[in-house]
Amino acid sequence: FSADKLHVHHRLISLGISHRRATAILLFINVLFIGMVLLMKDVGMYWLGLLVIGLALVLSYLPVYLCSEKKTKGGEQRERRERSELSGVRK
């Protein structure tokens, strides 16, 4: 076993969110799930399970998507900057 930075809270922190705020966001989402399950207990186990799993997948993938978008935009800006520097050298 080795530690990595792929957990949701590490991804939130890499988006520029403070450790305290990332913890608060995850706590809020946990409370939201508990409340949702309690309020929707009469829907049925199948539909409730499907909803919880689907929402959990979407919410856990969101920081991954945002991190990749941030890296992609940063990479594009870096490439443009390098191209402009190279074109300046050639002139």
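The values are calculated or read from the model by the stated rules, or taken from the named source; none is laboratory data. Everything numeric in this text was worked out from a predicted model, so none of it was measured. Heads up, the Cβs are rebuilt from the backbone with ideal geometry, glycines too, and the neighbour counts pull from every protein chain shown. For accessibility, only protein heavy atoms count, side chains too; no ligands or nucleic acids. Shrake-Rupley method; radii C 1.70, N 1.55, O 1.52, S 1.80 Å.
Below, the figures for the structure above:
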| item | result |
| --- | --- |
| In the range 1-16, the residues that are over 11 Å from the mean Cα position of the chain (by Cα) and within 22 Å of E69 (Cβ to Cβ) | D4, K5, G16 |
| Scan of the range 24-50 for residues that are under 21 Å from V64 (Cβ atoms) and out of contact with any His (no Cβ under 7 Å at 6 or more places or on another chain), ordered by number | A24, I25, L27, F28, I29, N30, L32, F33 |
| The range 1-42 - residue that is in a loop (DSSP other than H, G, I, E, B), at pLDDT 90 or above and aliphatic (A, V, I, L, M) and, of those, most open to solvent (accessible area, probe 1.4 Å) | M40 |
| Cβ-Cβ under 8 Å pairs, at least 6 apart or on other chains, the range 1-20 side without any contact (Cβ under 8 Å) to a residue 24 or more places away in the chain, far side open to solvent by 100 Å² or more (accessible area, probe 1.4 Å) | H9/H19; I13/H19 |
